[in-house]
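I have placed the structure first, in the form of C-alpha cells, so that the comments after it can refer back to it.
The values are calculated or read from the model by the stated rules, or taken from the named source; none is laboratory data. In this text, all values refer to a predicted model and were calculated from it rather than measured experimentally. Note that we place each Cβ from the backbone using ideal geometry, even for glycine, and neighbour counts take in every protein chain shown. To get the accessible areas, we keep the full protein, side chains included, count just its heavy atoms, and leave off ligands, DNA and RNA. Shrake-Rupley method; radii C 1.70, N 1.55, O 1.52, S 1.80 Å.
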2 protein chains.
Amino acid sequence: MNKSDVINLILKDRKNTPKTHSTAKFAPSNIALIKYWGKRDNILNLPMTDSLSLSLGNKGATTSIEIIDKENDEFYLNNEIQNADSPFSLRLSAYLDLFRFKEEHYRVRTQLNIPLAAGLASSACGFAALVLALNDLYAWELSLSELSILARLGSGSACRSLYKGFAWWQKGIHANGMDSYAIPLETEWPELRIGLLIVDGSKKLIDSRSAMERTVKTSQLYAMWAHQVAHDFIVLNEAILDKDFVRLGEVSEHNALSMHATMISAWPPIVYSNADTVNAMHAIWELRKQGLELYFTQDAGPNLKLLFLEKDSAVVKEHFPGVEIID
Amino acid sequence: MNKSDVINLILKDRKNTPKTHSTAKFAPSNIALIKYWGKRDNILNLPMTDSLSLSLGNKGATTSIEIIDKENDEFYLNNEIQNADSPFSLRLSAYLDLFRFKEEHYRVRTQLNIPLAAGLASSACGFAALVLALNDLYAWELSLSELSILARLGSGSACRSLYKGFAWWQKGIHANGMDSYAIPLETEWPELRIGLLIVDGSKKLIDSRSAMERTVKTSQLYAMWAHQVAHDFIVLNEAILDKDFVRLGEVSEHNALSMHATMISAWPPIVYSNADTVNAMHAIWELRKQGLELYFTQDAGPNLKLLFLEKDSAVVKEHFPGVEIID
C-alpha cells in the first residue's frame, strides 16, 4: 500500500477543476501530551500507539496555494522563496505529486509564526494548513477525518493539527491507515496554558523521523513504550474529564520524559536536551517542590513547553521571563 | 532471611578474640561498565542482574578498625570525627552491629581520596575496606568470595571493590545470596584509562538506594533492563577478551545511558545530570565524530567517567583539562 492508493481511496472521483487560488488556511501547531514515537508503517506514517495533543492557539502555519503556469512548483516560506532543491521544497513537491491530476504546478505560500524545526511541530501545522488549502483549491469538501489522513501522509503528527483544543490520534489497525486519523475531544479547558520556553531556536541535531527509526531499531527499553502509552492514556483521559490539572501535568511530563528515555537508550544515543534544557527542568522541579503547579513536556528538540493554569501565568512569567504564553 | 543469618552462615564458629587494632586496609573504588540498578532483595542487597566493573587504581578508601573501651562507636572520616547521629555514623554502626559478639565498640578511621557521595562509589570502597579491616581484626581468614558477600551486606556494589581490574558480580539465584558475590576477571588491560570528570562535587539530590527503588516501582521501561543487561554482558565480555576498545566503550556508554533512561522514566523523574554533565556529553560525542575513541559512563551522580586508551591520554587532557586520569 502506498500513498497514492490511500489518496485514491479518499478522493475517489473528486477530480474537480481547481480554482486558480485557494483562500489562506490556518492550522495550529500542536503539542502532544501523550507522544507519538515510533511508526508501524514508515511510508504511510502509521504510528505504533495512539497519541493525544493540545493545539497551540494562533501559533501555527497559514498557507495558500495557487495553480501556476510554470514548469516547477514555487514555495515561499515567510515570504522568502525557497531553493527548489532545498529539503523543504523537495519534501513539499513530493507530497504535491500525490495530487497533480493534470500535471499542474503550484505556488505555495506559507507563513509560520513559530521557529522552524526546533521541536515546535512546524511540519505538523504546515502540512495541515496545506491540506486545508488543497481542499479549498479543488473544492473536495472532505471531512475532517479524511483531511486528517491526508495530512498524516505529509507528516504523522500533522493529522492532529486540524483542531483547536485536544486532539486524539487513533492509531488504527488497518494496513491502509484509513482508520488512523485524529478526532477532537469534546472537553474544553480554557484555563489551561502552554508556555513556549525556547532555549535554542537553532536546527535539530537529528530529524524526528530518523530519531524515531533509530529508537525503534536500537533501544531495548522501547519495547515497553506501547505499554506505557496505554497506561498514560487512561490517566490523561480521566484527568481531562475531571479537569484535574496536577494529574494532567504529571502524566504529560512522565510521558514526555519516558519518550526521551527511549531515545537516550538508543544507539548512538539521542539527547535533544542541552545545558539550558536541563537547567530549566531542574528549575521547574524546584518550583514544584515549593508548591507551584508547573509541569513540562518536550518534543524532538531542546525546547520545553510549560504546562500550567491561567491563575499561575504571572508567577510563571516571573520565573521564566522569556516564556511565550499561549492562550 | 536477614543479614545476621547470612553472617552466621559465613562466620560459622569463627568467634575469635579480636586484636586491639587491625592494620589499615585499602579497597579501590569501582566503576561499573555494566551497571547494577535494581534489587531483588532490599535487605540483603541482592541485585536484579549481574554487573561488571573496573577498579579505580589507587582511588578508594583506606580503613582501620580498633576495639575501644567506650559506650559508643567512634567514626573518623578523613581525620574528622563524625557526629554519632549523622547518617554516616548511623549506617556504619548498624552494619557493625552484625559483628559485635561481645558488645564491643569500635573506632573506625577511614580515609577517602575521592569526593563523598558524588557518584564515585565512596560507600562501595568504604564498606569493602571496612570488611577487609574486620577480617584482619578478628583473624577470620575468609575467602575473597566470602568477604565480597559481607561487603555486599553493607552496600551492594561494595562486593566488587575487593579486586583490582575487572570484577564480575554474579547476581546469584538463592534467597540467602550465598551465590551473589563478585569474582575477578582474568584479563588485564593495562592500556585502559578512566578519567574522572567531576562536574559537581556536591552531595546527590537523591541517594542511589532510593533512586533504584523508585525506578523499579514506577518506571515501566525498567521491565526491559534485565534484558538489556543480558545482551550487554555478552558484548562486553567479548570486547574484553578481544581487547576491542571501541566495543567496550560503546556497550559501556549505552548501558550507562540506558540505566539513566530508566530513571528519567521513573516518577517523580530522577535526573542526576546537570547542565555541565550534558555539555560534557555533547562535547564527547562531537570529539568522537572527529575520530577520537572516547566514551563515558555515568553513575548515580552528575559526574562522568571518561573511558579511553593510554595513547589518547594527552588529547583527552587537552580537551578536558580538569579530568583526573587514573592509571
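Remarks
- Region B:103-115, residues that are part of a strand (DSSP E or B) and either surrounded by fewer than 18 Cβ atoms within 10 Å (Cβ to Cβ) or outside the structural domain of residue B:14 (by TED's automatic domain parsing) (or both): B:105, B:107, B:111
- Residue within region A:8-28 that is closer than 30 Å to residue B:265 by Cβ, part of a strand (DSSP E or B) and not aliphatic (A, V, I, L, M) present: yes
- Those residues of region A:284-314 which are open to solvent by 40 Å² or more (accessible area, probe 1.4 Å), under 20 Å from residue A:247 (Cα atoms) and away from chain B (no Cβ under 11 Å), in sequence order: A:290, A:291, A:293, A:310, A:311
- Filtered residue count, region A:280-304, keeping only those that are in a helix (DSSP H, G or I) and in contact (Cβ under 8 Å) with a residue 60 or more places away in the chain: 1
- Sub-9 Å Cβ pairs linking a first residue in region B:217-230 that is free of Cβ contacts under 8 Å to residues at least 60 places away in the same chain to a second residue that is open to solvent by 30 Å² or more (accessible area, probe 1.4 Å) and small (Gly, Ala, Ser), at least 6 apart or interchain, are B:221/A:223; B:223/A:223; B:224/A:223; B:227/A:223, ordered by first then second residue.
- Criterion: in the same structural domain as residue A:180 (by TED's automatic domain parsing), touching a residue at least 60 places away in the same chain (Cβ under 8 Å), open to solvent by 70 Å² or more (accessible area, probe 1.4 Å) and closer than 28 Å to residue A:113 by Cβ - qualifying residue of A:15, A:25, A:19: A:19
- Counting the residues of region A:239-272 that are part of a helix (DSSP H, G or I), open to solvent by 10 Å² or more (accessible area, probe 1.4 Å), facing chain B (nearest Cβ under 8 Å) and touching an Asp or Glu at 6+ places or on another chain (Cβ under 9 Å) gives 1.
- Some residue of region B:42-65 being more than 17 Å from the chain's Cα centre (by Cα) and assigned to a helix (DSSP H, G or I): no
- Candidate set: region B:85-102, residues that are closer than 17 Å to residue B:156 by Cα and either within 19 Å of the chain's Cα centre (by Cα) or aromatic (Phe, Trp, Tyr) (or both); chosen: the one most open to solvent (accessible area, probe 1.4 Å): B:91
- All strands (runs of 3 or more DSSP E) inside region B:118-235 with 2 or more residues being away from chain A (no Cβ under 14 Å) and not hydrophobic (A, V, I, L, M, F, W, C): B:192-197
- Positions within region B:156-177 being open to solvent by 10 Å² or more (accessible area, probe 1.4 Å) and of a type in the set (S, T, N, Q), in sequence order: B:157, B:170, B:176
- Search result, residues across region A:273-283 that are open to solvent by 20 Å² or more (accessible area, probe 1.4 Å) and touching a Phe, Trp or Tyr at 6+ places or on another chain (Cβ under 9 Å): A:283
- Residue match in region A:117-134 (condition: surrounded by fewer than 24 Cβ atoms within 10 Å (Cβ to Cβ) and among the aliphatic types (A, V, I, L, M)): yes
- Filtered residue count, region A:264-286, keeping only those that are within 26 Å of residue B:252 (Cβ to Cβ), more than 23 Å from the chain's Cα centre (by Cα) and of a type in the set (Gly, Ala, Ser): 2
- Filter result for residue A:277 (assigned by TED's automatic domain parsing to the domain that holds residue A:198, touching a residue at least 12 places away in the same chain (Cβ under 8 Å), at negative phi and outside any strand (DSSP E or B)): yes
- Checking region B:136-143 against the condition returns a match, with at least one residue being open to solvent by 30 Å² or more (accessible area, probe 1.4 Å) and acidic (Asp, Glu).
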